[in-house]
Each structure stands twice: as C-alpha cells, then as structure tokens.
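Here, each number is a calculation from the coordinates, and none is a lab measurement. A quick note: this is a predicted structure, and the numbers were derived from the prediction, not measured. All Cβ positions, even for glycine, are placed from backbone atoms using ideal geometry, and neighbour counts span all protein chains on display.
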Amino acid sequence: MILIFSAPSGSGKSTLVQYLLETRQDIELSISATTRAPRGQEQDGREYYFITPERFEQLIKEDAFVEWQQVYKGTYYGTLRSEIERIENAGHHVVFDIDVKGGINVKRMFGDRARAIFISPPSIEALRERLTKRGTDSPEKIEERLAKAEIEMADAPLFDTILVNDDLATTKKELDKELATFLG
Ligand code: ADP
Ligand code: 5GP
C-alpha cells in the first residue's frame with residue numbers, strides 16, 4: 001500500500017510523518033532526491049538524497065523518477081523508482097512526503113492502492129506563526145511558502161482525506177484511526 005502525505009509547508013506534515021514512522025514498524029519513508037542544500041542536521045540518504053542539478057537532469061533523461069517537481073523556483077524534488085522497489089522488497093508500505101501536485105499525481109498513478117492524506121493548517125496565520133517559530137527559513141522564503149500555501153489549499157478536495165492539524169495530539173489520534181482503517 002501507498003500512503004501519500006501532502007500539505008502546505010509548515011502545516012506539520014513532517015512532525016506527523018515522523019510520529020507515524022516511530023510508532024509503526026510496517027511503513028517506510030520514500031526518500032526523495034533533491035537539488036536543495038541540506039538544512040540543519042539533515043544527512044544524505046536519510047532525509048533526502050542530495051544531488052546536483054546536473055545529476056537530477058540526467059536522472060530525468062534516464063526515466064529514473066516515478067514523479068518529480070520543481071517545487072520551488074530552481075529547486076527539484078523527485079521520487080526514484082529504485083526507492084519504491086527498495087521499500088516494497090523490504091515488505092513495507094511506502095510513505096510519500098511530497099508536495100501537493102506530486103501527491104495528486106501519485107494518487108492518480110496508484111489508485112486504490114494509495115491513500116492520499118492532505119494535512120491542512122488551521123489558518124494561514126497559524127502557518128506563518130509555525131514557519132517563523134521553526135526558524136529554518138528566511139523571511140523571504142516564508143513569504144514564498146505562504147503564497148504557495150494559499151494555492152495548495154484549493155487542491156485539498158482532491159485528496160482522500162483532509163486532516164486539519166490544530167491540536168497536535170488530536171491530529172495524531174485521527175491519523176492512527178485513518179491508518180488502522182486503511183492498513184489494518
Ligand atoms: P511541515 O513538514 O508541514 O513543513 P513541520 O512538521 O516542520 O511542518 O511543522 C512546522 C512547525 O510547526 C514545527 O516547528 C512544528 O514543531 C510545529 N507544529 C507541528 N504541528 C503543530 C501543531 N498542531 N500545533 C502547533 N505547532 C505545530
Ligand atoms: P522541504 O524543502 O521543506 O524539505 O520540502 C519542500 C516540499 O517538497 C515539501 O512539500 C515536500 O513534501 C516536497 N517534496 C519532497 N520530496 C518530494 C518529491 O519527491 N516529489 C515532490 N513532488 N515533492 C517532494
């Protein structure tokens with residue numbers, strides 16, 4: 001089975017995906033390739049495969065990606081076919097942490113094998129506050145992410161489920177229920 005998590009940046013998607021990965025042994029995160037630089041404690045092969053734009057373009061030509069997007073101007077992210085094979089060979093369900101457009105595409109590709117979950121912030125203001133408090137992005141980057149968030153919110157109805165991440169403990173419980181239903 002495939003679990004897709006998409007959300008405007010700062011909604012709490014990473015927090016929730018991390019929670020699931022820590023509490024369930026039957027799921028594994030699909031590690032994407034990206035051309036952006038590592039942030040903070042991020043390590044190559046753990047959060048992402050950090051590669052150069054040249055290598056990324058080469059992999060596109062080789063049809064090595066299940067899907068890829070230029071999520072932010074000049075920054076590419078993509079899911080390698082080899083990554084899905086690796087996880088399926090290990091007998092695990094695949095977790096996608098991808099942007100909204102990518103999430104919709106992957107849902108179309110996998111149909112009923114996939115559950116697409118949209119994590120929504122309670123409001124754009126709450127999103128601004130979370131991104132500011134997280135302290136990992138410059139004010140310009142935060143504005144860029146907020147502008148994108150407003151557009152992404154409009155695609156939420158294309159997902160199988162929308163979870164509004166207001167109180168974190170409540171969202172975690174809702175997520176547990178969602179996975180129990182889908183994965184058993
Ligand atoms: P995303 O992966 O969607 O960009 P993060 O998981 O990094 O978002 O969350 C953004 C920030 O908001 C983090 O600092 C995180 O600790 C915080 N956060 C996550 N969920 C909540 C919540 N329900 N209420 C308040 N803050 C939250
Ligand atoms: P960040 O730079 O904050 O790690 O990620 C930015 C956005 O890119 C997030 O919404 C994340 O889910 C998305 N993303 C990460 N990997 C992929 C991928 O392989 N494909 C797509 N379409 N988006 C991705």
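Considering only beta bridges that DSSP places wholly inside segment 2-179, some 30 percent are antiparallel. Note on segment 2-179: lysine pairs with Cα distance below 22 Å, sequence gap of 8 or more or different chains, count 21.
Run the dipole for segment 2-179 about the Cα centre, Lys and Arg Cβ at +1, Asp and Glu Cβ at -1, nothing else charged, and hand back the magnitude in debye, nearest 20. Walk me through the intermediate numbers first.
On the way: 25 positive and 32 negative charges, 25 e Å.
With only Lys, Arg, Asp and Glu charged at Cβ, the dipole is about 120 debye.
First check a/c for segment 82-184, with a ≥ b ≥ c the square roots of the eigenvalues of its C-alpha gyration tensor; if it is under 1.5, answer rounded, and if not, answer prolate when a/b is larger than b/c or oblate otherwise. Because a/c hits 1.5 or more and a/b exceeds b/c, segment 82-184 counts as prolate. In the distance distribution for segment 2-179, Cα-Cα pairs more than 22 Å apart total 44 percent.
If you average the C-alpha positions of segment 1-45 and of segment 89-159 separately, how far apart do those two centres end up, in angstrom? Answer, in whole Å: 11. Among the helices of the chain (complete DSSP H runs), which have Cα atoms covering no less than 18 Å along the helix axis and a Kyte-Doolittle mean of at least -0.5? Correct list, ordered by number: 168-183.
Report the full-extension gain for the segment Q25 to A180: residue separation times 0.36 nm, less the Cα-Cα distance, to one decimal in nm. Could you put the intermediate results ahead of the total?
Working: separation 155, 0.36 × 155 = 55.80 nm, distance 1.31 nm.
Contour length minus Cα-Cα distance gives 54.5 nm.
Counting 0.36 nm for each residue step from K101 to I124 and taking away their Cα separation leaves a gain of 6.4 nm.
Between Y19, Y76, Y49, the Gaussian network model of the chain with springs among Cα atoms under 10 angstrom shows the greatest mean-square fluctuation at Y19.
Counting other Cβ atoms within 10 Å of each Cβ, which trypsin sites (Lys or Arg not before Pro) in segment 43-138 have at most 14 and sit in a DSSP loop?
Numbers: sites: R46, R55, K61, K73, R81, R86, K101, K107, R108, R113, R115, R128, R130, K133, R134; in loops: R46, K73.
Passing both the DSSP loop test and the Cβ count: R46, K73.
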